[in-house]
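Peer 1: Below you will find the structure I want to go over with you.
The values are calculated or read from the model by the stated rules, or taken from the named source; none is laboratory data. It should be emphasised that the depicted structure is a prediction, and the values quoted were computed from it without experimental measurement. When we count neighbours, we look across all protein chains shown, and the Cβ atoms used for this are built from the backbone with ideal geometry, even at glycine.
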């Protein structure tokens with residue numbers, strides 16, 4: 001008898017380890033008769049009730065011909081849905097499932113539960129801690145905490161393939177693939193195949209073969225704004241709109257960029273931040289200043305804790321604008337935001353005009 005709860009925000013690792021656990025408990029050749037899979041990705045209370053009832057029934061029913069039986073309750077979204085998880089019927093059913101886990105399953109029965117998230121304070125989670133093996137694969141929500149983890153995973157993937165990667169190539173690779181582990185693994189495999197026997201990954205290799213994630217395309221857009229590349233910014237903006245990105249989301253990304261540029265322009269002007277011509281962490285030098293310490297300690301996130309690559313990029317982009325230009329940009333952003341929520345002009349046109357006004361020196 002084996003019971004496993006595999007959960008976390010890293011969808012790829014949860015999926016990979018769940019499939020591995022299922023295949024270990026019930027080899028692929030035996031899965032036609034020995035495996036019962038219940039889909040747990042539900043959208044309504046009724047669907048949740050049906051899914052949990054089915055899982056309980058599967059666990060309490062003997063395997064075909066009295067043989068071993070593995071139940072996979074897959075991608076269970078109930079735990080992270082505040083409305084569904086608070087429904088009394090759902091709570092009672094989860095209580096029954098937790099009780100079965102605590103008591104132990106019938107001889108020859110196995111249970112694997114995979115979920116994108118579980119409340120660690122819940123009675124169900126505590127029952128799993130007591131009666132099951134629990135594996136967690138969470139990624140931090142904050143990008144500055146997530147980035148070092150993704151970077152380390154990329155380095156391990158390339159090292160496993162016996163490939164060398166330059167710091168600049170690794171920076172660009174992470175920037176393009178974003179923070180999704182599945183995308184990271186797929187693009188790393190593709191890059192390793194592309195370079196063949198050469199076993200050395202360069203910036204040109206990354207540019208040639210690595211696909212940008214949806215998140216990375218948004219970064220490309222804000223980079224074009226920060227670097228005042230008008231043609232490129234308009235081209236990517238139109239691509240994002242064509243892909244269905246919401247105008248409000250794009251507006252928030254633009255506002256966040258210019259808020260950062262305004263802050264980093266001030267850091268440069270105050271002499272708190274200096275950018276060198278070197279690569280690596282040495283490219284960024286923060287001053288020793290008591291006023292800076294006081295200010296940064298009051299911020300939600302201390303910029304000195306950001307990855308050097310991000311700091312260097314924002315600092316270089318801030319150099320493309322002087323303080324007065326950024327003040328004018330903030331005024332235009334406010335005006336455009338009001339237009340987006342109250343105007344009758346097409347939102348695509350409003351955003352294109354904003355991009356032109358922000359980048360062009362008018």
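Peer 1: Checking residue 42 against (1) in a helix (DSSP H, G or I); (2) within 23 Å of residue 95 (Cβ to Cβ), only one condition comes out false. Which one?
Peer 2: (1)
Peer 1: Residue under question is residue 191, and the condition is that it be part of a helix (DSSP H, G or I), within 17 Å of the chain's Cα centre (by Cα) and either touching a residue at least 12 places away in the same chain (Cβ under 8 Å) or closer than 30 Å to residue 255 by Cβ (or both); does it hold?
Peer 2: Considered against the rule, which asks whether it is part of a helix (DSSP H, G or I), within 17 Å of the chain's Cα centre (by Cα) and either touching a residue at least 12 places away in the same chain (Cβ under 8 Å) or closer than 30 Å to residue 255 by Cβ (or both), residue 191 comes out as no.
One line per residue, one yes/no per condition, for (1) surrounded by fewer than 20 Cβ atoms within 10 Å (Cβ to Cβ); (2) over 17 Å from the mean Cα position of the chain (by Cα); (3) farther than 23 Å from residue 15 by Cα:
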residue	(1), (2), (3)
135	yes, yes, no
138	yes, no, no
147	yes, no, no
163	yes, yes, yes
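Peer 1: For segment 75-181, give me every one of the helices (runs of 4 or more DSSP H) that falls completely inside it and has 3 or more residues that are farther than 28 Å from residue 217 by Cα.
Peer 2: Numbers: elements: 82-85, 88-103, 123-131, 143-160, 167-177.
Because the criterion is at least 3 residues that are farther than 28 Å from residue 217 by Cα, the helices (runs of 4 or more DSSP H) in segment 75-181 that meet it are 82-85, 88-103, 123-131.
Peer 1: Just wondering, is there one or more residues in segment 53-74 that are under 30 Å from residue 142 (Cβ atoms), part of a strand (DSSP E or B) and in contact with a strand residue (DSSP E or B) (Cβ under 9 Å, 6 or more places away or on another chain)?
Peer 2: Start the filter on segment 53-74 by keeping residues that are under 30 Å from residue 142 (Cβ atoms), which leaves 74.
Okay, now just the ones that are also part of a strand (DSSP E or B), so 74.
Keeping just the survivors that are in contact with a strand residue (DSSP E or B) (Cβ under 9 Å, 6 or more places away or on another chain) gives 74.
Looking through segment 53-74, at least one residue is under 30 Å from residue 142 (Cβ atoms), part of a strand (DSSP E or B) and in contact with a strand residue (DSSP E or B) (Cβ under 9 Å, 6 or more places away or on another chain).
Peer 1: While we're on this one: Would segment 291-307 turn up any residue that is in contact with a helix residue (DSSP H, G or I) (Cβ under 6 Å, 6 or more places away or on another chain), surrounded by fewer than 17 Cβ atoms within 10 Å (Cβ to Cβ) and part of a helix (DSSP H, G or I)?
Peer 2: No, there is no match, as no residue in segment 291-307 is in contact with a helix residue (DSSP H, G or I) (Cβ under 6 Å, 6 or more places away or on another chain), surrounded by fewer than 17 Cβ atoms within 10 Å (Cβ to Cβ) and part of a helix (DSSP H, G or I).
Peer 1: Any idea which residue in segment 292-304 is farthest from the chain's Cα centre (by Cα), counting only those that are in contact (Cβ under 8 Å) with a residue 12 or more places away in the chain and over 30 Å from residue 237 (Cα atoms)? So that I can check it myself, show each step before the final result.
Peer 2: If we filter segment 292-304 for residues that are in contact (Cβ under 8 Å) with a residue 12 or more places away in the chain, which is where we start, we get 292, 301, 303-304.
Remaining after also requiring over 30 Å from residue 237 (Cα atoms): 292, 304.
Numbers: 292: 31, 304: 22 Å.
Applying the filter and picking the extreme gives 292.
Peer 1: Then there is this: In segment 191-207, what residues are touching a helix residue (DSSP H, G or I) at 6+ places or on another chain (Cβ under 8 Å) and modelled with pLDDT of 90 or more?
Peer 2: 191, 192, 194, 195, 201, 202, 203, 205, 206, listed by residue number.
Peer 1: Of all residues in segment 178-199, which are over 19 Å from residue 16 (Cα atoms) and surrounded by 14 or more Cβ atoms within 10 Å (Cβ to Cβ)?
Peer 2: Scanning segment 178-199 gives 178, 191, 192, 194, 195.
Peer 1: With surrounded by fewer than 18 Cβ atoms within 10 Å (Cβ to Cβ), at pLDDT below 90 and within 24 Å of the chain's Cα centre (by Cα) as the only criterion, which of 159, 123, 143 stands out? Explain how you work it out, then say what you get.
Peer 2: Working: 159 fails: at pLDDT below 90; 123 fails: within 24 Å of the chain's Cα centre (by Cα).
Residue meeting the stated conditions: 143.
Peer 1: Condition test on residue 21, is it more than 24 Å from residue 185 (Cβ to Cβ) and either surrounded by 14 or more Cβ atoms within 10 Å (Cβ to Cβ) or touching a residue at least 12 places away in the same chain (Cβ under 8 Å) (or both)?
Peer 2: Numbers: more than 24 Å from residue 185 (Cβ to Cβ): no; either surrounded by 14 or more Cβ atoms within 10 Å (Cβ to Cβ) or touching a residue at least 12 places away in the same chain (Cβ under 8 Å) (or both): yes.
When the stated conditions are applied, residue 21 does not pass them.
Peer 1: Buried (at least 18 other Cβ atoms within 10 Å of the Cβ) and over 15 Å from residue 2 (Cβ atoms): is that true of residue 77 in this structure?
Peer 2: Numbers: buried (at least 18 other Cβ atoms within 10 Å of the Cβ): yes; over 15 Å from residue 2 (Cβ atoms): yes.
Taking the combined requirement at face value, the residue satisfies it.
Peer 1: All but one of (1) outside any strand (DSSP E or B); (2) closer than 21 Å to residue 139 by Cα hold for residue 6, so report the exception by its number.
Peer 2: Residue 6 satisfies all of (1) outside any strand (DSSP E or B); (2) closer than 21 Å to residue 139 by Cα except (1).
Peer 1: Return the total of residues in segment 246-286 being outside any helix (DSSP H, G or I) and either over 23 Å from the mean Cα position of the chain (by Cα) or at positive phi (or both). If you could, list the steps in order and put the result at the bottom.
Peer 2: Looking only at segment 246-286, we keep the residues that are outside any helix (DSSP H, G or I), and these are 246, 271-279, 284-286.
Of the ones still in play, those that are also either over 23 Å from the mean Cα position of the chain (by Cα) or at positive phi (or both) are 271-279, 284-286.
Of the residues in segment 246-286, 12 are outside any helix (DSSP H, G or I) and either over 23 Å from the mean Cα position of the chain (by Cα) or at positive phi (or both).
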